[in-house]
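So the structure is just underneath, and the comments pick up after that.
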Amino acid sequence: MEQSFSAPSANPETEEDRGQVAPESKWHRRAANRPEELFQAALAVVLEKGYRATRLEDIAHHAGVTKPLIYHYFKDKDDLVFKSLEWKIGQILDDMRSESGPSEAGTNERLRKLFEYSWARWRRTEFGFFHGTILFEMRLENPELFRKWTEVSLVQRWKVVEDILRAGQLRGDVRNDLDAAAAARFLISGGIQLAWLHLHTAIPEFAPCREKTLRETALNIFLRGIEPDRTEPAANP
């Protein structure tokens, strides 16, 4: 289940943070949880300050640890930010697969559930800031980190939709001639851009459109476009 970006409240440093030996059970319990605590802190600080202004000192303060402790787990800020994003995207992908329902369900039903889940995420304030500000900074200042984020985020989300479409082609409820990879990109990337423009910019102020109408129209156009010609045979397994 996906967790929020909010980091846990800052706690006084534990004995392992100060370099002292703690009881073994406590040490292993804290060591196991520490990376996830740092992931949450890193994402919270990046959302607050932006990628450019985020410093390891800020993340350490937010997590209630010392900066040297961060270097025990990560090489530098970029390493921590990327692994934090990778951790977060892993949660989102798991939720996407869960929300889309079982493979036996119809393609339209699975895609509708997945799109509605995704749209609910895209409408969040944190998404608007991340998509509109942080990614822009990252692309300009660290193209390699931006490329890695694209691979673990967009590409994997496309793959979830592509797998659903290919299963639908085998079942016969998706057009045989559909390019599943291209269609998956259209649904996810198009949905992201549509949501960002109409929910996180000033566009609705001078060109208003009801959110529900916008979301359902976009999805229905897509679903109508993937419908098979009932005269064509289903794809062979």
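The values are calculated or read from the model by the stated rules, or taken from the named source; none is laboratory data. Everything quoted here is computed from the prediction, not taken from an experiment. Neighbour counts are summed over all protein chains in view; Cβ atoms, including those assigned to glycine, are modelled from backbone coordinates with ideal geometry.
Looking at 213, 201, which one is touching a residue at least 60 places away in the same chain (Cβ under 8 Å) and surrounded by fewer than 14 Cβ atoms within 10 Å (Cβ to Cβ)?
Result: 201 is the single residue among 213, 201 that is touching a residue at least 60 places away in the same chain (Cβ under 8 Å) and surrounded by fewer than 14 Cβ atoms within 10 Å (Cβ to Cβ).
Just checking, which of 152, 174 is in contact (Cβ under 8 Å) with a residue 24 or more places away in the chain, of a type outside the set (Gly, Ala, Ser) and farther than 21 Å from residue 43 by Cβ?
Exactly one of 152, 174 is in contact (Cβ under 8 Å) with a residue 24 or more places away in the chain, of a type outside the set (Gly, Ala, Ser) and farther than 21 Å from residue 43 by Cβ, namely 174.
Just checking, does region 23-35 include any residue being under 22 Å from residue 144 (Cβ atoms) and either at pLDDT 95 or above or surrounded by fewer than 20 Cβ atoms within 10 Å (Cβ to Cβ) (or both)?
Let us first name the residues in region 23-35 that are under 22 Å from residue 144 (Cβ atoms), namely 35.
Now restrict to residues that are either at pLDDT 95 or above or surrounded by fewer than 20 Cβ atoms within 10 Å (Cβ to Cβ) (or both): 35.
The answer is yes; a qualifying residue exists.
Are there helices (runs of 4 or more DSSP H) fully within region 170-227 with at least 1 residues that are under 22 Å from residue 159 (Cβ atoms) and not acidic (Asp, Glu)? List them.
180-199, 211-225
Each row is one residue, and each column tells you yes or no for (1) of a type in the set (A, V, I, L, M, F, W, C); (2) more than 19 Å from residue 108 (Cα to Cα).
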{"residue": "159", "(1), (2)": "no, no"}
{"residue": "187", "(1), (2)": "yes, no"}
{"residue": "194", "(1), (2)": "yes, yes"}
{"residue": "198", "(1), (2)": "no, yes"}
{"residue": "223", "(1), (2)": "yes, no"}
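For region 138-161, give me each residue that is over 16 Å from residue 79 (Cβ atoms) and among the aliphatic types (A, V, I, L, M).
Passing the criteria: 140, 154, 155, 160, 161.
Among the residues of region 104-120, which ones are among the charged types (D, E, K, R), modelled with pLDDT of 90 or more and surrounded by fewer than 16 Cβ atoms within 10 Å (Cβ to Cβ)? Lay out the reasoning, then the answer.
Initially, region 104-120 is screened for residues among the charged types (D, E, K, R), giving 104, 109-110, 112-113, 116.
Then keep just the ones that are modelled with pLDDT of 90 or more; that gives 109-110, 112-113, 116.
Of everything in region 104-120, those that are among the charged types (D, E, K, R), modelled with pLDDT of 90 or more and surrounded by fewer than 16 Cβ atoms within 10 Å (Cβ to Cβ) turn out to be 109, 116.
For residue 97, state whether it is modelled with pLDDT under 90, assigned to a helix (DSSP H, G or I) and closer than 30 Å to residue 229 by Cβ.
yes
What's the total number of residues in region 91-103 that are more than 16 Å from residue 187 (Cβ to Cβ), surrounded by fewer than 16 Cβ atoms within 10 Å (Cβ to Cβ) and in contact (Cβ under 8 Å) with a residue 60 or more places away in the chain?
3
Given 44, 53, 10, which one is under 27 Å from residue 126 (Cβ atoms), part of a loop (DSSP other than H, G, I, E, B) and modelled with pLDDT of 90 or more?
Numbers: 44 fails: part of a loop (DSSP other than H, G, I, E, B); 10 fails: modelled with pLDDT of 90 or more.
The conditions single out 53.
Go through the residues of region 147-155 one by one and say whether even a single one is β-branched (Val, Ile, Thr), out of contact with any strand residue (DSSP E or B) (no Cβ under 7 Å at 6 or more places or on another chain), crowded, with 16+ Cβ neighbours inside 10 Å and part of a helix (DSSP H, G or I).
First pass over region 147-155, keeping only residues β-branched (Val, Ile, Thr): 150, 152, 155.
Narrowing the set further to residues that are out of contact with any strand residue (DSSP E or B) (no Cβ under 7 Å at 6 or more places or on another chain) leaves 150, 152, 155.
Restricting the remaining residues to those that are crowded, with 16+ Cβ neighbours inside 10 Å gives 152.
Next, only the ones that are part of a helix (DSSP H, G or I) stay: 152.
Within region 147-155 (the criterion being β-branched (Val, Ile, Thr), out of contact with any strand residue (DSSP E or B) (no Cβ under 7 Å at 6 or more places or on another chain), crowded, with 16+ Cβ neighbours inside 10 Å and part of a helix (DSSP H, G or I)), the answer is yes, since at least one residue qualifies.
Can you work out which of the residues in region 56-70 that are in contact (Cβ under 8 Å) with a residue 12 or more places away in the chain and surrounded by fewer than 17 Cβ atoms within 10 Å (Cβ to Cβ) is nearest to the chain's Cα centre (by Cα)?
Per the stated criteria, the residue is 61.
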